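Below is one structure, written out as structure tokens; comments come after it.
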């Protein structure tokens, strides 16, 4: 039976209740217990929140819509008029902005806000 090294040293860490709540929420989003999250973060690990099933389904659907919009934009004949082209370009632009917002919201904030 292999021997495992056990953690035996403790360090008291004082937090405000709001701080502990934020840390716990971030830890749970990463699939970790708060103690492990704090320990690994203090040792230099960067944790990324896991996507839930609903988020993954949403992102896959968003990707399918984006591929379809790109195909329409490439296949649209140039002589159908500028109105059609403008609508397609606006839809592609709106889709890209939405994807950027969604991806930006799911990224953890690593830099400090000034």
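The values are calculated or read from the model by the stated rules, or taken from the named source; none is laboratory data. Not measured: the values here are computed from a predicted model. Here the Cβ is made from the backbone with ideal geometry for all residues, glycine too, and neighbour counts use every protein chain on show.
Is it the case, given these coordinates, that residue 16 is modelled with pLDDT of 85 or more and exposed (fewer than 14 other Cβ atoms within 10 Å of the Cβ)?
Judged against the criteria, residue 16 is a match.
From the list 24, 83, which residue is at pLDDT below 80 and in a helix (DSSP H, G or I)?
83
For every residue, the table says whether it meets (1) in the same structural domain as residue 86 (by TED's automatic domain parsing); (2) out of contact with any strand residue (DSSP E or B) (no Cβ under 6 Å at 6 or more places or on another chain); (3) over 26 Å from residue 103 (Cβ atoms).
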residue	(1), (2), (3)
6	no, yes, yes
22	no, yes, no
29	no, yes, no
37	no, yes, no
43	no, yes, yes
62	yes, yes, no
66	yes, yes, no
70	yes, yes, no
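Residue 22 passes all but one of (1) surrounded by 12 or more Cβ atoms within 10 Å (Cβ to Cβ); (2) in contact with a helix residue (DSSP H, G or I) (Cβ under 8 Å, 6 or more places away or on another chain); which number fails?
Failed condition: (2).
Within the range 37-56, work out how many residues are exposed (fewer than 14 other Cβ atoms within 10 Å of the Cβ) and assigned to a helix (DSSP H, G or I).
Within the range 37-56, residues that are exposed (fewer than 14 other Cβ atoms within 10 Å of the Cβ) and assigned to a helix (DSSP H, G or I) number 5.
Among the residues of the range 57-66, is any farther than 30 Å from residue 89 by Cβ and at pLDDT below 90?
Checked the range 57-66: no residue is farther than 30 Å from residue 89 by Cβ and at pLDDT below 90.
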